[in-house]
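Visitor: Quick one: the structure is below, and I'll ask about it shortly.
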Amino acid sequence: MTTSNTQSNAATGFADGSASNAAAHKPDLDKKYIVKHWLQPGHVGMLAAPPAHGKTAIVAALCANLALGHSFAGLNVRRTAIYYLAPEDPVGVKDRAYPYLSGAPAATTHFYVVDKTPDFLDEQHIEGIIEDVVKMKVRAQTETALVVVDTTNLSIGNADENSSSAMGVVMLNAHRIAREAGCYVLFIHHTSHADSSRGRGSSAFGANADDTFLLQRPKQDTAEKTVLLTPTKQKGVQLQSAISFRIDAFKVGQDSEGDDVTVPMAVPLESKTDTSVAPANSNRAPQVKSSGEARKEDMLRVLTELHHENPEAWHEVKLLQRLAGDSFNSSRKKADSLRVAVNRALALLVEAGKVEANERRFRLLGEAAGPVDEPGQHVSD
C-alpha cells in the first residue's frame, strides 16, 4: 500500500488561505476613533431613552462639536462629517445644534440634516446613503462620518419592530453602511415601556449593535434636572463611565412681539479626561505627522473652505480659532494657548506662500486654492 507524502495546498479547504497566525498579531495601540473610547468608525450603535429626556439635544450637540472638531464633555474627538437622518423633526435637530454652531460659516462645517424618511429594509435606500456619505466625506475632507438615524421606528418601513428577522436585516444593512462608507451609524431609539433599561422592540436590535447607550434621569433627587448617558455595551474598548447632561434653554433672540425665543441646549456637567498611560514597549505606531504640521494643514483647510465661499474676504484670528479642528484641541482649554497655536500655523502658511496677511486678518492666496470640489452636490447644504 502506497502512502502519499504530498503536502496539501494552503489555499484550499474552508479557510482558502485566509487563516492568519495569532502569534504574529500585535494589538493596535492607536485605534481610529470619532469619539475616543466611545464611537469607532465601522461600528453601529443604539442610544435608547424615554420620551422628553433630551436625547436629540444631546446627540445634536455632540454632532455640532464633531463637525467643528471640538472636544465634547472632555472627550477627545476627530473632526467628522455628519449625516443626520431626521424625518420626524429636521428643524428641531438644527435648533438643538444652533447653540454650538452659531457663528460658524456653513462652508467649514459639514453637518447635513436630511428630512427624507429612510427605509433600512430597502436596498436602494442603503446604497443611496452609502453614496451620500462617501461623497460627503470627500467634500468635508474627513476620514470619518457619523450617520444618525432619528428615530429608529421611522427607519424600518412597514416592518414590525418586534420582528427579530426584520430588525436583523435592519442591523445587517446598518453594518453595511458603516463598513462600506467608513462611518459610525447611531440609531436613536425609545426604551421599552416594560423595561426601561433596554430599547423597545425585538432584542435582536440591541444584540446586533456594537455599542448601546442608555439615557436616564438619576434616581436620586437633585437640585437641577439632569440626565445620565450611560454606555451599557461597547465593542473593542473598556466600558466607559456615564456622563451627566443638563438641558438648558438657550436664548437666540426675541420675536416681533418682544418675547424671548429659546432653543434646547445640552450642556455636559462633567469633563472626562483620557487617563490611559502609554505602555513602556515598542509596540506604538509612529506619528505620521507632527502636531505643528497637522495644525498647519488644518488651518489651510479652514482658509481654503472660506476662500471657496468668498475669495475676497479677510478673516479675523478669533474666527479662525473658532473654526480650528481637532489638531488644536490640546490647546483649546486655554485661550492664550489656542491663540498661540493658531498664530504659529498661520505664520507657517504665510511663510510657505499659501496665505497672505493684512494686519491681523488673513486669507488664502488665490493660486493656493485649487479648483472647487463639488463631490456632494445632492447632499443639501
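Visitor: At 0.36 nm per residue, minus the direct Cα-Cα distance, what do residue 169 and residue 138 gain on full extension? Give it in nm, one decimal, please. Don't skip to the answer; put the middle values down first.
Guide: On the way: separation 31, 0.36 × 31 = 11.16 nm, distance 2.84 nm.
Gain in length upon complete extension: 8.3 nm.
Visitor: While we're on this one: Rounded to the nearest 500 deg cm²/dmol, what is the calculated helix-only ellipticity per residue at 222 nm for the chain, with -39500 (n - 2.57) per DSSP H run of length n ≥ 4? Present the calculation step by step, with values, prior to reporting the outcome.
Guide: Details: 9 runs with 114 residues, N = 381.
The per-residue figure over the chain is -9500 deg cm²/dmol.
Visitor: Right, something else. What's the longest bit of the chain with no exposed trypsin sites (Lys or Arg not before Pro), using DSSP loop states and at most 16 other Cβ atoms within 10 Å as the test? Intermediate results must be reported in sequence, preceding the final value.
Guide: Values: sites that count: 31, 32, 116, 219, 225, 235, 284, 289, 332, 333, 334, 360.
Free of exposed loop sites, the longest segment is 117-218.
Visitor: If you look for lysine pairs in the range 44-268 that are eight or more places apart or on different chains, how many of them have Cα atoms under 28 Å apart?
Guide: Eligible lysine pairs with Cα atoms under 28 Å apart amount to 23.
Visitor: Just to be sure I understand the model, the point goes 7 Å from the Cα along the line to the Cβ. What's the resulting residue 106 to residue 30 distance in nm?
Guide: It works out to 3.7 nm between the two label points.
Visitor: Calculate, for residue 365 and residue 116, the FRET efficiency according to 1/(1 + (r/R0)^6) with r their C-beta to C-beta distance and R0 45 Å; round to the nearest 0.05. Write down the numbers at each step before the final one.
Guide: On the way: r = 40 Å, r/R0 = 0.89.
Step by step, r from the Cβ atoms, then E = 0.65.
Visitor: Here's something else I'd like to know. Describe numerically, in nm with one decimal, the distance between label points set 7 Å from Cα along Cα→Cβ at residue 89 and at residue 15.
Guide: It works out to 5.3 nm between the two label points.
Visitor: Once fully extended, how much extra length lies between residue 255 and residue 162, figured as 0.36 nm per residue of separation less the alpha-carbon to alpha-carbon distance?
Guide: On the way: separation 93, 0.36 × 93 = 33.48 nm, distance 4.43 nm.
Going from the current span to full extension adds 29.0 nm.
Visitor: Taking 0.36 nm per residue of sequence separation and subtracting the Cα-Cα distance, how much length would be gained by fully extending the chain between residue 194 and residue 330, in nm to one decimal? Write down the numbers at each step before the final one.
Guide: On the way: separation 136, 0.36 × 136 = 48.96 nm, distance 4.41 nm.
That works out to 44.5 nm of additional length.
Visitor: Using Cα positions and a limit of under 22 Å, work out the lysines in reach of residue 334, with same-chain residues fewer than 8 apart set aside.
Guide: 36, 272, 296, 318
Visitor: Would you kindly compute the Cα radius of gyration of the chain and its largest Cα-Cα separation (Dmax), both in Å?
Guide: 23.4, 103
Visitor: Over the Cα atoms, compute the radius of gyration (one decimal) and Dmax (the largest Cα-Cα distance, rounded to a whole number) for the range 291-369, in Å.
Guide: Computed over the Cα atoms of the range 291-369, radius of gyration and Dmax are 11.4, 35 Å.
Visitor: Please check which bits of the range 243-264 a label hung off residue 219 would reach, taking the label as a point 7 Å along Cα-to-C-beta and the cut-off as backbone N under 18 Å.
Guide: 243-244
Visitor: Another question, if that's okay. In µm²/s, what is D for the range 116-267 at 10 °C and 1.306 mPa s, where D = kT/(6 pi eta Rh) by Stokes-Einstein and Rh is the Kirkwood radius from Cα pairs? Don't skip to the end; give the middle numbers.
Guide: Working: Rh = 17.8 Å.
Diffusion coefficient, whole number: 89 µm²/s.
Visitor: Beta carbons within 10 angstrom, averaged per residue: use that to sort the peptides 65-72, 162-169, highest first. Before the final figure, lay out the partial values.
Guide: Values: 65-72: 23.5, 162-169: 16.5.
Descending mean neighbour count gives 65-72, 162-169.
Visitor: Another question, then. Under 8 Å for C-alpha pairs, at least 6 residues apart: give me the relative contact order for the chain, rounded to a whole percent. Working shown, then result.
Guide: Working: 666 pairs, mean separation 74.1, N = 381.
Relative contact order, the chain: 19 percent.
Visitor: Considering only C-alpha atoms, what is the centroid distance from the range 125-148 to the range 12-47, in Å?
Guide: The distance from the Cα centre of the range 125-148 to that of the range 12-47 comes to 21 Å.
Visitor: Label the range 1-140 by shape, choosing from rounded, prolate and oblate, from the square roots a ≥ b ≥ c of the eigenvalues of the Cα gyration tensor; if a/c is under 1.5 it is rounded, and otherwise prolate applies when a/b is larger than b/c, oblate when it is not.
Guide: Numbers: a/c = 2.86, a/b = 2.19, b/c = 1.30.
Verdict is prolate for the range 1-140.
Visitor: Each label point is 7 Å from the Cα along the Cα-to-Cβ direction; what then is the distance between the points at residue 352 and residue 22, in nm?
Guide: In this crude label model, residue 352 to residue 22 measures out at 4.5 nm.
Throughout, read-outs are computed from the coordinates displayed, never taken from laboratory work. Since the structure is predicted, the reported quantities are computational estimates derived from the model, not experimental observations. Positions of Cβ are generated from backbone atoms using ideal geometry, with glycine treated the same way; all protein chains shown enter the neighbour counts.
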